[in-house]
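Just below is one structure, and these are the notes that go with it.
The values are calculated or read from the model by the stated rules, or taken from the named source; none is laboratory data. Because the structure is a prediction, the values reported are computed rather than measured. Reconstructed Cβ throughout: ideal geometry from the backbone, glycine too, with neighbour counts over all protein chains shown. Protein only, heavy atoms only, side chains kept; ligands, DNA and RNA dropped before computing areas. Shrake-Rupley method; radii C 1.70, N 1.55, O 1.52, S 1.80 Å.
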Amino acid sequence: MKILVTGGAGFIGSNLVRQFLAESEHEVVNLDKLTYAGSLFSMKAFEVDSRYKFEKVDLCDAGEVRRVFESHHPDCVMHLAAESHVDRSISGPADFIHSNVVGTFHLLQAAREAWQDDMSPHRFLHVSTDEVYGSLGLKDPPFSEATPYDPHSPYSASKAASDHLVRAWGDTYGLPVLVTHCSNNYGPFQFPEKLIPVVILKVLKGDRIPVYGKGENVRDWIHVEDHCRALRMVLERGNPGETYNIGGNNEWKNIELVRQLCRILDELRPRSGKSSHGELIDFVMDRPGHDFRYAIDSSKIREELGWEPKETAATGLRQTVDWYLGAEEWLLSLGVSI
């Protein structure tokens with residue numbers, strides 16, 4: 001197949017593109033606007049691969065999106081492009097509405113026009129987030145595909161809106177859509193504004209490690225490569241019109257995760273003397289509307305498609321820390337020094 005991946009220069013997208021090119025015979029067209037969080041350095045190894053093409057395009061430019069479809073004739077779309085940082089959505093919500101809602105609309109329209117003669121061979125996979133479901137209490141059951149939407153931030157509200165557009169284009173126009181909801185991703189090539197790379201880079205610089213509130217908020221974490229394998233499985237074997245939740249079954253309180261990262265760094269990059277990096281933890285004012293807990297019930301994708309995560313918390317976190325310790329060239333390409 002020829003697969004159009006939007007946001008293929010970002011964290012999850014670049015891992016997905018690399019996985020396709022390394023483990024399949026598919027062709028990949030990488031469409032990315034190259035915002036601050038996108039880096040072609042992540043794709044450097046595949047620039048000479050004849051199965052890989054890059055298009056620098058803003059999804060909000062409808063004409064350019066149509067041109068990509070006319071030029072490349074993709075069989076499938078995997079839509080990962082999104083503004084995704086909650087703190088940024090609070091300080092600047094307009095960018096999130098523009099990119100996540102309007103951009104998704106233009107992509108849906110372009111796919112509909114390109115495939116209208118025969119929808120059946122095609123797939124449009126929209127990658128969403130568990131944050132659209134809202135917040136859980138400590139003892140509440142995990143989110144299922146039937147959980148009602150209850151977004152609390154401009155980011156999650158914009159993703160919820162795009163989810164509804166995708167399903168509407170499926171119901172109204174017969175577009176063969178699939179929707180996935182994932183828990184927090186971690187792993188190589190994650191832009192250093194998210195929790196795990198923030199902790200690692202703060203430790204390397206000897207800076208204080210900021211933790212919101214008391215660090216009691218709970219998240220389910222999945223290694224990005226496990227998530228990408230799930231997305232590939234949904235694209236190839238999922239039933240159009242269906243939604244699949246993808247989670248790691250790996251819940252951590254934020255403070256527990258930060259302390260575990262510090263313990264790994266104590267071993268791999270010890271501080272002078274006998275002090276622990278955990279002494280750098282600094283509790284800061286909580287952010288507005290901070291959801292308490294996210295947890296994913298991924299039994300549907302496990303039972304129907306046979307997916308299982310390969311990485312455990314122990315293997316995945318250590319591998320991630322080790323990757324960042326050797327990623328100076330990639331970080332410098334983003335303007336980050338360590």
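Which of the residues spanning the stretch 251-278 are part of a helix (DSSP H, G or I), acidic (Asp, Glu) and open to solvent by 50 Å² or more (accessible area, probe 1.4 Å)?
GLU256, GLU267
For the stretch 151-164, state whether one or more residues are surrounded by fewer than 18 Cβ atoms within 10 Å (Cβ to Cβ) and assigned to a helix (DSSP H, G or I).
Taking the stretch 151-164 as the starting set, the residues that turn out to be surrounded by fewer than 18 Cβ atoms within 10 Å (Cβ to Cβ) are 152, 164.
Adding the requirement that they be assigned to a helix (DSSP H, G or I) leaves 164.
The answer is yes; a qualifying residue exists.
With respect to the numbered conditions (1) open to solvent by 60 Å² or more (accessible area, probe 1.4 Å); (2) in a strand (DSSP E or B); (3) of a type in the set (D, E, K, R), which one is the sole condition not fulfilled by ARG66?
(2)
Among the residues of the stretch 312-338, which ones are assigned to a loop (DSSP other than H, G, I, E, B) and open to solvent by 60 Å² or more (accessible area, probe 1.4 Å)?
Residues of the stretch 312-338 that are assigned to a loop (DSSP other than H, G, I, E, B), as a first pass: 312, 326-327, 334-338.
Those that are assigned to a loop (DSSP other than H, G, I, E, B) and open to solvent by 60 Å² or more (accessible area, probe 1.4 Å): THR312, GLY326, GLY335, SER337, ILE338.
Buried (at least 22 other Cβ atoms within 10 Å of the Cβ), under 18 Å from LYS194 (Cβ atoms) and among the aromatic types (Phe, Trp, Tyr) - does that describe any residue in the stretch 10-25?
yes
Every residue, every condition in (1) in contact with a strand residue (DSSP E or B) (Cβ under 6 Å, 6 or more places away or on another chain); (2) in a helix (DSSP H, G or I); (3) open to solvent by 20 Å² or more (accessible area, probe 1.4 Å); (4) at pLDDT 95 or above, yes or no:
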position: LEU204; (1), (2), (3), (4): no, yes, yes, no
position: VAL211; (1), (2), (3), (4): yes, no, no, yes
position: HIS227; (1), (2), (3), (4): yes, yes, no, yes
position: ALA230; (1), (2), (3), (4): yes, yes, no, yes
position: MET233; (1), (2), (3), (4): no, yes, yes, yes
position: GLU236; (1), (2), (3), (4): no, yes, yes, yes
position: ASN239; (1), (2), (3), (4): no, no, yes, yes
position: ASN245; (1), (2), (3), (4): yes, no, no, yes
position: ASN249; (1), (2), (3), (4): no, no, yes, no
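Among residues belonging to the stretch 92-114 that are in contact with a Phe, Trp or Tyr (Cβ under 8 Å, 6 or more places away or on another chain) and small (Gly, Ala, Ser), point out the one that is most open to solvent (accessible area, probe 1.4 Å).
ALA114
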